[in-house]
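Written out below as structure tokens is the structure these notes cover.
The values are calculated or read from the model by the stated rules, or taken from the named source; none is laboratory data. The model shown is predicted, which means the values in this text are computed figures rather than measured ones. Cβ: placed from backbone, ideal geometry, glycine included. Neighbour counts: every protein chain shown. All accessible areas refer to the heavy atoms of the entire protein, side chains included, with ligands and DNA or RNA removed. Shrake-Rupley method; radii C 1.70, N 1.55, O 1.52, S 1.80 Å.
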Amino acid sequence: MRRSITRATTAAVALAATPTAFLAPSIASAQAAPGAGTAAVRVTPADAAKWWHHATIYEIYPRSFQDSNGDGVGDLNGITSRLDYLKSLGLDAIWITPFFKSPNADFGYDVSDYTAIDPQYGTMADWDRLVAEAKKRGIRVLVDLVVNHSSSEHPWFKESRSSRTNPKADWYVWKDGTPDTPPTNWRSIFGGPTWTWDPTRKQWYYHIFLSKQPDLNWRSPGLRKAMFGVVRFWLEHGAAGFRLDATPYLFEDTSWPQDPDPGSEPVWLKPYNAQLPGTNEVLREMRKIVDSYPGDPILLGESSTRSIEQLRAVYGKNKDEIHLPMNFLVGNISKLDAAEFKRRYDEAATKLDGLTPVEFFSNHDQTRQWTEFGDGTNNDLIAKMTAALTLLNPGTALLYYGEEIGMGDMDKAELAKAPLGPNRPQADARDRARTPMQWSAAPQAGFTSGTPWLPVDSRYRTRNVAAQESNKGSLLNWYRDLVKWRNVDPTFRTGRYVPLESGDAGVFAFARENANGTGAIVMANTGTGVVTVKPTGWTGAAPVFGASVCASGKWGGGLTLAAKDTCIVRYRR
Ligand code: NOJ
């Protein structure tokens, strides 16, 4: 699912051949080698910004990252064993998708105990060790909190459905009716009606996802208290905050209007099912709790919106709700389109009242960017381009495991052959983007010594971490360089975003500029030919261009870019 100046001069003041040389000399000399981490030389912005204003957060689908016990399913100990690798990427935090007890109707997004770790992922002691080891490496760990619904196997739901009068009777969304007619004609995000009839209560219950994922009723004080207890539980167990699942859907319009066009897209952002007013209050309450803990824990929101104005609202009118709502307006872009990149990145930089944008292209629900944007010929270059857009824009960047080596979606025919079994009770189209991490050319890509729950993509023999470690020009090392710049170079850390016109319809360009007029222009050529960019959009003195680096490694000087290349050029004014 993706759903989704004055005229510049090109006079060069200096050229640099390698990404490391591209760093300003004072930064380059202080820079640790790739793999050694970058925390020690990070720039501390003058505005005493919080860690999450400039973070790089890496999403791990734990089933598929690293298996430590040979059962074919990745686990917490597997993640711990790969922390040195994660550190070598220069990350600030990892977000682990749900590892709580679950019957796995939606692989963990159907939680049957919010404070217990599912045995297939490990134990509480494994979690504690993961957090402690990550901390030693300067990496925070975010928990994925499924706040909108639980599993129908959760004891809360079992009790709620047992009668109309039990203490948890109002913890879910129940509605009277007759068994033949659901209360509304609304459609669930996974297809079918949003209502399931319960023969015991003789009532309907509401679910915006599967019928095995009944919506929690945030109007119930008892439910609120219990969920806020879960929030405290994980903060007290070392979580650096939460990725909040499906936040737009906490409330419904309880006048229960019929939809004149229930199938119209997107069914997940209707005025009656998304961003209802009560949402803000719950999120403010949650934010207060999170802010009361030390270490600046955060809320990272899965906050689908239709417009930048709606996205702005998710931060809270008084900036006191979600710290980091994901920008799906960029995340849902499905074409390499310079105009769309410009529109979406420019608005994120200029229309969010200076709040931190959260940029990404891939995650466990949608087509990987390698597959989405790749043209079959220039995939590596294009992957370097989308990496540069995510990582050189201001704000916080989300990466999805494996994007740094160019993992793509599994071929549909290959996936169709993947067997079902106890570790994979049902097929899911999204499994294409959830194949095991490709560590090496060893059997099962080094992911497991057993039979993986989902087959490893057959391209792993050549596309894997080990192969790219030793190749200076690899995608993996490009990611490392970009993250390094984010971490240590003021231009990419705190430099303001300057929207530019590139002078060519196929080239997206923007600049990051420091208060003293130095900066860097980032140019991405989405077109099929060589282009000489004539950027405009600066106010004041024309820039004098200098050191540069291109994704292709082929730098010809000036502002000329090969097809699908991305070049970053320093300037001063
Ligand atoms: C969003 C999650 O990212 C997705 O994987 C899940 O299926 C739904 N929410 C339901 O929890």
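Report the paramagnetic label zone for Ala226: residues of the range 165-186 whose backbone N is under 20 Å from a point 7 Å from Cα along the Cα-to-Cβ axis. Only 165-176 pass the distance filter. Relative to its residue count, the range 428-557 spans a Cα convex hull of 173 Å³ per residue.
The stretch between Thr350 and Arg137 holds 73.3 nm of extra length on full extension. This uses 0.36 nm per residue minus the Cα-Cα distance. In a solvent-free Debye calculation with one equal scatterer on each Cα, what is log10 I(q)/I(0) for the range 99-147 at q = 0.13, 0.30, 0.32 Å⁻¹, listed in the order of the q values? Per q value, in the given order, log10 I(q)/I(0) is -0.33, -1.10, -1.16. Given R0 = 25 Å, the distance between the Cβ atoms of Asn332 and Ser458 translates into a calculated FRET efficiency of 0.30. According to the Cα-based calculation, Rg over Rh for the range 504-573 is 0.96, with Rh computed by the Kirkwood formula. Database remark: amide H of Ser102 closer than 5 angstrom to the amide H of Ser112 (H placed geometrically; neighbours at sequence offset of 5 or more, or on other chains; Pro and chain starts carry no H).
Protein-only accessible surface at a 1.4 angstrom probe places the residues Met227, Met124 in the order Met124, Met227, largest first.
Using a cut-off of 17 Å between alpha-carbon atoms, which lysines can reach Lys168, once sequence neighbours fewer than 8 places away in the same chain are excluded? Once the sequence-local lysines are set aside, what remains near Lys168 is Lys158, Lys202, Lys225.
Rolled with a 1.4 Å probe across the full set of protein chains, the surface gives Glu321 an accessible area near 0 Å².
Peptides 543-555, 187-199, 473-485 ranked from most to least packed, by the mean per-residue count of other Cβ atoms within 10 Å: 473-485, 543-555, 187-199. Subtracting the Cα-Cα distance of Thr123 and Lys50 from their residue separation scaled by 0.36 nm leaves 23.1 nm. Shape analysis of the range 303-432 based on the Cα gyration tensor places the equivalent ellipsoid semi-axes at 30, 19, 11 Å, largest first. The order of Phe233, Phe100 by accessible area, most exposed first and with a 1.4 Å probe, is Phe233, Phe100.
As a ratio to 2.2 N^0.38 Å, the alpha-carbon radius of gyration for the range 58-167 is 1.19. Percent of Cα pairs in the chain per distance bin of 10 Å, from zero to the largest separation: 3, 17, 28, 26, 16, 7, 2, 0. Under the simplified labelling scheme, the Arg284-Asp253 pair shows an inter-label distance of 2.3 nm, with each label point 7 Å from Cα along Cα→Cβ. Once backbone amide H atoms are built at 1.01 Å from N, Tyr172 has Asn217 as its partners under 5 Å, excluding neighbours fewer than 5 places away on the same chain. Extension gain, Arg164 to Ser307, is 47.5 nm, computed as 0.36 nm per intervening residue step minus the present C-alpha separation. Within the straight-line cut-off of under 16 Å between alpha carbons, the lysines reachable from Lys317 are Lys288, Lys351, sequence neighbours fewer than 8 places apart in one chain being disregarded. Viscosity 1.306 mPa s, temperature 10 °C: Stokes-Einstein D of the range 192-292 from its Kirkwood Cα radius, in µm² per second? Roughly 103 µm²/s, to the nearest whole number. Largest accessible area first, the listed residues Asp504, Asp106 line up as Asp504, Asp106 when surface is computed with a 1.4 Å probe on the assembled protein chains. Altogether, the Stokes-Einstein calculation at 10 °C and 1.306 mPa s, with the Kirkwood radius of the range 237-314 over Cα pairs as Rh, returns a diffusion coefficient of 113 µm²/s. Rounded to whole Å, the principal axis extents of the Cα atoms in the range 449-489 read 43, 19, 15, largest first.
DSSP finds beta bridges in the chain, and of those with both partners inside it, around 60 percent are antiparallel. Among the aspartates and glutamates, select those whose C-alpha is under 14 Å from the C-alpha of Lys101, and discard any that sit fewer than 8 residues away in the same chain. Counting by Cα, and skipping residues close in sequence, Lys101 has these aspartates and glutamates nearby: Asp75, Asp110, Asp113, Asp118, Asp144, Glu153.
Quick one: in the range 128-182, what % of C-alpha pairs are over 16 Å apart? Taking all Cα-Cα pairs of the range 128-182, the fraction more than 16 Å apart is 63 percent. Can you bin the range 350-506 into rounded, prolate or oblate? Criterion: square roots of the alpha carbon gyration tensor eigenvalues sorted a ≥ b ≥ c, rounded for a/c under 1.5, prolate for a/b above b/c, oblate for the rest. Taking the square roots of the gyration eigenvalues as a ≥ b ≥ c, the range 350-506 is prolate.
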